[in-house]
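**Student:** My questions will all concern the structure given below.
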Amino acid sequence: MTNRASCASLAAIVTLLAVAAGAAHSSGAAPATGPDAASERVLVVIDSPPLPDNEAGGARRSQRDRLLRGERRTISDVADDAGLETAGTIPEIGVFAVPGSSVAEVRRALAGDPRVLAIEQDSRLAPRYTPNDPGLMFSDPNAPGGDFGQWNLLREGFRTAWGLSRGSRAKVAVVDSGADVTHPDLAGAQTLDCSQPDPDDPGTATCGPGSVHDPLGHGTHVSGLACGDSDNGFGIASAGFDCNLLVIRTDFYNGATAAGVVAAADRGADAINLSLGGPSPSVVMKEAINYAWAHGSIPVAAADNRVVTSQGYPAEYIQKLGTASNVDKGKGLVVTAAEYTGVRASFAGYGNGISVAAYGSAYGDGSGGQEGVLSTYPAPGENPSFDVKYASHPIRTTVDGNSDYAYLEGTSMATPQVSGLVALIRSVRPSMAPLDVIRLVKQTASGHGRFSSEVGWGVIDAYAAVAGALGKDITSPSSKLSAKPVKRKKGHAHSATLSITRADVARPGMPTSGLQSVNVYVSRNGAPYALFKTTLATGLNFRPAQSGSYRFYSVAYDQAGNAEAVPSVPDASVKLG
């Protein structure tokens, strides 16, 4: 492919879209309008001569103007020769639009024209959405390597996932030590107190109105990670963004916690966050988990904060030991903690009782520097006494002048990020069955459909999971080319047979749209690559006019507009002539 201008200005692109509609109208065709107008337009790219490099301004402008005149003529000639109507151009980069046609129709009309470099459907882009919470994108010296404050959400794909779902129709129940619901990022949360015994039966917990004051700070931190108020110009964003938060206070005994799980299910919680656990089995807790699962709620529990393969309870009731490697097994998700590098944090549980992982640690070993992830925390005057075993003490930090935030480390911190992801999925697919939700979260995680004892199915990928729920194909196709010289008399090869393997295979749980085309590029004697053929064939004959050393590579495109990355080295090379 010859060198080209690397990009067009935004003004040129906007002009193309505006001119396309106007040109179609002036030619007698109805202009494409509405949100799907671009789906009726095909873009054609012609092969262009290189723009001048390293020349003085006057000479560069003169040559650019000359090339621009040539591009306009070539665009007109290509369209006229094929009988195609044009609906706007970007001559600076050799592009013209064809209205009211499909890629297949335009490809047939331009078949064999060596001046054509590429043909593609004009597809819609979307603004990269970034909420205005200052904690998300500020460079925090307390974050690992001075990264952004909420590096964990950014690395898990939540920023792009929020462009597809804001979680507003979903509910997450956090059964924990309570929460500081006066915190601006937790304002509006529903509350329920299950920590008080039933006065008529002191051995049984009851749930009702009451204080959810958080004496530990643990529940406040977890609540902010799951459903902290996002895009409010204050503090942090949360995984679940705008999900409805139900704070349920427990005293961490099985009776009160089970009562909280049942109450959450009765109130339609999509996810029930359980950043807690213990070594002793409990029939009461088992029955509560079964009840929630049967009522369509998805329990999400923390793995142990010890290097063990048995994750204790209620985790064992959610993902029974020995079943996690089966993607269809489980009554919810059990979450271990990954550190900044994506590997399992050295303190965290592992094995065949782990469903997935999320970031719950910066360095994973508690050695120096910052140890955890950022979230809401009670005001300094509240004096929370966080002393849960096997987890770090909070390290307060200031977000935009407010000190009601802290970093904490643990599987407890990883878990609400998964609960928030469940909320994003359920917000766009409220009727999705619980088993389908947990399967999707597993299969779209970083393991790409493979289970490991370290992080289960992998670190969650929020964008892939939400895109999968919406049926979007976001997986690039693949191709590989090989070349075999065809021997002639005296052993000289003057042609070659090119073989192409290509596929559009998505990771498990993700949709695929099917292959659209494969572009084959060739370079002679180290010159820039040029397009040789656009095809879906698995074999091509290559017979050049000149002898030389030839290199080849291929790039596949699918029907959704995903393109394979250009390989760093050629697929094949042959010497001909």
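The values are calculated or read from the model by the stated rules, or taken from the named source; none is laboratory data. Bear in mind the structure is a predicted one, so any value in this text is a computation, not a measurement. Cβ placement follows ideal geometry from the backbone for every residue including glycine, while neighbour counts extend to all protein chains displayed.
**Student:** Taking segment 356-390 as the search range and keeping residues that are at pLDDT 75 or above and farther than 26 Å from THR182 by Cα, which one is surrounded by the fewest Cβ atoms within 10 Å (Cβ to Cβ)?
**Tutor:** TYR363
**Student:** I'd like the residue in segment 311-355 that is hydroxyl-bearing (Ser, Thr, Tyr) and modelled with pLDDT under 95 and, out of all such residues, is surrounded by the most Cβ atoms within 10 Å (Cβ to Cβ).
**Tutor:** TYR340
**Student:** Here is a list of conditions, (1) exposed (fewer than 15 other Cβ atoms within 10 Å of the Cβ); (2) closer than 30 Å to GLY420 by Cα, and GLY456 meets all of them except one; can you say which number that is?
**Tutor:** (1)
**Student:** Another question, then. Out of contact with any strand residue (DSSP E or B) (no Cβ under 6 Å at 6 or more places or on another chain), surrounded by fewer than 24 Cβ atoms within 10 Å (Cβ to Cβ), modelled with pLDDT under 95 and closer than 14 Å to GLY178 by Cα: is that true of PHE234 in this structure?
**Tutor:** No, not satisfied.
**Student:** For the list (1) charged (D, E, K, R); (2) over 25 Å from GLU156 (Cβ atoms); (3) in contact with a helix residue (DSSP H, G or I) (Cβ under 9 Å, 6 or more places away or on another chain), I need the number of the one condition that ARG267 fails.
**Tutor:** Every listed condition holds for ARG267 apart from (3).
**Student:** Right, here's the next one. In segment 85-100, which residues are more than 12 Å from ARG41 (Cβ to Cβ), in contact (Cβ under 8 Å) with a residue 24 or more places away in the chain and touching a Leu at 6+ places or on another chain (Cβ under 8 Å)?
**Tutor:** THR89, ILE90, GLU92, GLY94
**Student:** Mind checking whether some residue in segment 109-116 is touching a residue at least 60 places away in the same chain (Cβ under 8 Å), within 16 Å of VAL42 (Cα to Cα) and crowded, with 23+ Cβ neighbours inside 10 Å?
**Tutor:** no
**Student:** Write out, first by first residue and then by second, each pair whose Cβ atoms fall under 8 Å of each other, whose residues are 6+ apart or on separate chains, and whose first residue, in segment 433-448, is touching a residue at least 60 places away in the same chain (Cβ under 8 Å) while the second is hydroxyl-bearing (Ser, Thr, Tyr) and crowded, with 20+ Cβ neighbours inside 10 Å.
**Tutor:** Cβ pairs passing all conditions: PRO434/SER297; ILE438/SER355; VAL441/SER355; LYS442/SER355.
**Student:** Here's something else I'd like to know. Does segment 280-294 contain any residue that is farther than 22 Å from ALA357 by Cβ, of a type in the set (Lys, Arg) and outside any strand (DSSP E or B)?
**Tutor:** Yes - at least one qualifying residue is present in segment 280-294.
**Student:** Does PHE241 qualify as being assigned to a loop (DSSP other than H, G, I, E, B), assigned by TED's automatic domain parsing to the domain that holds PRO184 and buried (at least 21 other Cβ atoms within 10 Å of the Cβ)?
**Tutor:** So PHE241 passes the test.
**Student:** Out of all the residues in segment 419-450, which are under 18 Å from ALA301 (Cβ atoms) and in a loop (DSSP other than H, G, I, E, B)?
**Tutor:** The one that is under 18 Å from ALA301 (Cβ atoms) and in a loop (DSSP other than H, G, I, E, B): ALA445.
**Student:** Give the residues of segment 393-417 that are small (Gly, Ala, Ser) and surrounded by fewer than 24 Cβ atoms within 10 Å (Cβ to Cβ), sorted by residue number.
**Tutor:** GLY401, SER403
**Student:** A further question follows. What residue, among those in segment 80-100 that are assigned to a helix (DSSP H, G or I) and of a type in the set (D, E, K, R), is modelled with the lowest pLDDT?
**Tutor:** Only one residue fits best here, namely GLU92.
**Student:** Which one is nearest to ARG108 (Cα to Cα), of the residues in segment 477-526 that are of a type in the set (D, E, K, R) and in a loop (DSSP other than H, G, I, E, B)?
**Tutor:** Out of the qualifying residues, it is ASP504.
**Student:** Which residue, of GLY149, GLY178, GLY167, GLY163, is under 30 Å from SER275 (Cβ atoms), in the same structural domain as TYR377 (by TED's automatic domain parsing) and surrounded by fewer than 24 Cβ atoms within 10 Å (Cβ to Cβ)?
**Tutor:** GLY163
**Student:** Can you tell me which residue in segment 528-575 is farthest from VAL44 (Cα to Cα), limited to those that are part of a strand (DSSP E or B) and of a type in the set (D, E, K, R)?
**Tutor:** In this case the residue turns out to be LYS575.
**Student:** In this structure, does PRO49 turn out to be under 29 Å from ASN562 (Cα atoms) and either among the hydroxyl-bearing types (Ser, Thr, Tyr) or at pLDDT below 65 (or both)?
**Tutor:** No, not satisfied.
**Student:** Keeping to segment 541-563, report how many residues are surrounded by fewer than 19 Cβ atoms within 10 Å (Cβ to Cβ) and touching a Phe, Trp or Tyr at 6+ places or on another chain (Cβ under 8 Å).
**Tutor:** Adding up the residues that qualify gives 2.
**Student:** So ALA503 fits all but one of (1) within 23 Å of SER123 (Cα to Cα); (2) out of contact with any Leu (no Cβ under 9 Å at 6 or more places or on another chain); what number is the exception?
**Tutor:** With (1) within 23 Å of SER123 (Cα to Cα); (2) out of contact with any Leu (no Cβ under 9 Å at 6 or more places or on another chain) applied to ALA503, the lone miss is (2).
**Student:** While we're here: Count, please, the residues in segment 278-307 that happen to be surrounded by fewer than 24 Cβ atoms within 10 Å (Cβ to Cβ) and of a type in the set (Gly, Ala, Ser).
**Tutor:** 5
**Student:** Run down VAL486, VAL518 and say which single residue is touching a Ser or Thr at 6+ places or on another chain (Cβ under 6 Å), of a type in the set (A, V, I, L, M) and surrounded by 18 or more Cβ atoms within 10 Å (Cβ to Cβ).
**Tutor:** Matching residue, one of VAL486, VAL518: VAL518.
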